[in-house]
1. Answer yes or no as to whether Pro143 is more than 21 Å from Asn239 (Cα to Cα), surrounded by fewer than 16 Cβ atoms within 10 Å (Cβ to Cβ), under 23 Å from the mean Cα position of the chain (by Cα) and not small (Gly, Ala, Ser).
2. Restricting to segment 173-189, what's the tally of residues that are over 37 Å from the mean Cα position of the chain (by Cα) and either within 28 Å of Gly251 (Cα to Cα) or surrounded by 10 or more Cβ atoms within 10 Å (Cβ to Cβ) (or both)?
3. What number of residues in segment 140-157 are among the small types (Gly, Ala, Ser) and either modelled with pLDDT under 90 or out of contact with any Ser or Thr (no Cβ under 7 Å at 6 or more places or on another chain) (or both)?
4. What single numbered condition from (1) at pLDDT 90 or above; (2) aliphatic (A, V, I, L, M); (3) within 24 Å of the chain's Cα centre (by Cα); (4) over 25 Å from Glu191 (Cα atoms) fails to hold for Met298?
5. State yes or no: is His206 at pLDDT below 95, closer than 30 Å to Gln363 by Cα and not in a helix (DSSP H, G or I)?
6. If I filter segment 245-273 down to residues being surrounded by 19 or more Cβ atoms within 10 Å (Cβ to Cβ) and among the β-branched types (Val, Ile, Thr), which single residue comes out as nearest to the chain's Cα centre (by Cα)?
7. Considering only residues of segment 375-412 that are surrounded by fewer than 17 Cβ atoms within 10 Å (Cβ to Cβ) and at pLDDT 60 or above, which is nearest to the chain's Cα centre (by Cα)?
8. Which of the helices (runs of 4 or more DSSP H) contained wholly in segment 27-108 include at least 3 residues that are within 46 Å of the chain's Cα centre (by Cα), over 30 Å from Val360 (Cβ atoms) and modelled with pLDDT of 65 or more?
Amino acid sequence: MKSSIEIHNELLDLDQKIKSAENSFNASEGEEQVAYRDAIKTFQGKKDALNEMLTDVLAAEEKMRNDGGVPVIASTPQPKNEHVDFVNAFLGSRDGFENIMAKYGEKMAFTYEQVMNAADPTYKLVDPKKTSYNLPSNIIEMPMGVIDVISKGTTDSNMEYMIPKSFTNKAAEWTPGTVKAESDEAWDKDEASLFTLAHHMPISKHTAYHYGQLESIIKNDLMYGLKLKEADALLNLDNGATKKGILKKTGIQTYENAAGDTVVDSIRKMKTKSWMATGMMPTHLAVHPLVTEHLDLMKDANQRYMLINVNGKVWGLPVVEDVNLVTDPSSDAKYGALMFNANAATWYTSEADALSIGFVNDQFTRNEYTLLAEGEHLITVQRPKSFVYMADALKLTPAAAAASMARTKAKA
């Protein structure tokens, strides 16, 4: 039951609508005037119904006050706003789902924007919301590493951008009658080109008719695999001068462990090195999961854990784990640490992750389809000196690395 206050607010809203419709009625003629007259009658009918409801509600509220307050009743589950992501918007309502081909017919390829607009025509920059009473999904969005925290942007073409080369700050107090100080800044021009990441996988016709199976395959395999490759490309892409990840970019700083220093000492010095080279304080420390394990298990001379990583921070910086911080020659493995400011590079998207479905080769006669996921992106590194990379934060032989990874998986 609505409260008297809610009904009063609705009545005020209807009064405004009636007044607006009356003004439009007076300014119009012909069929348009008839339409406004019908609208006024509709609003007036709603208003009459609310007034009748208000009489009953006021009587009920008065009775509650006389009886000592609101009676105790069973609570009603409240709806929550649920985020509608790309995959669920692509598949549509679970209740109304028949099969993926019946939903889209002859149209086979869909971009992020097309799918989200189909789910909610008012969609612009914010993902649409819907009311849901469902339990939380068992499909978890996994953290990917540096790509989760780096700056994001959109573009529709290749880019030219400027990298600050030097800056002379001559800001000073101005004395009347003199020329104000002029600072000097030099720039280098750089270029970045778009690249496409994609992969596909077959599904059976049987799977195409089952919402839950499709959701799991698309989220846990297809889209997750694409996200893994995007996270790797941000750091390690190396496909020509204009398609390079952060670690392959000319100008980033490197660091090697000094004699007698622990990895904790080196990380602290990397923080200073990044800050002094750019004037920008680092915002994050990214490390390979094995480096995190090494930091967590460090002990003092009395075999007590040193607790280097406290509340997810080392030397005051949030720690981001990224499996792509690794070099693995045949002789040994090196697991790295990367100090950086999140605004020093940008991950641009031209075409957001898109899904396609269709036939490949003889799949039509084998009752199969192919699902394809792809996205088009671009990487710029505006301040390469902000990135300080220590490739050998942890060195392990292949056997030791395998054993350590096995321990990590066992703990998980």
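1. Against the criterion (more than 21 Å from Asn239 (Cα to Cα), surrounded by fewer than 16 Cβ atoms within 10 Å (Cβ to Cβ), under 23 Å from the mean Cα position of the chain (by Cα) and not small (Gly, Ala, Ser)), Pro143 qualifies.
2. Number of matching residues: 6.
3. 2
4. (3)
5. Spelling it out, it is not the case that His206 is at pLDDT below 95, closer than 30 Å to Gln363 by Cα and not in a helix (DSSP H, G or I).
6. Restricting to residues being surrounded by 19 or more Cβ atoms within 10 Å (Cβ to Cβ) and among the β-branched types (Val, Ile, Thr), the top hit is Ile246.
7. Ranking the candidates gives Gln382 first.
8. Counting at least 3 such residues, we get 31-66.
The values are calculated or read from the model by the stated rules, or taken from the named source; none is laboratory data. In this text the structure is predicted, and so the values were computed from the model without any measurement. With ideal geometry, Cβ positions are generated from the backbone for all residues, glycine too; neighbour counts draw on all protein chains shown.
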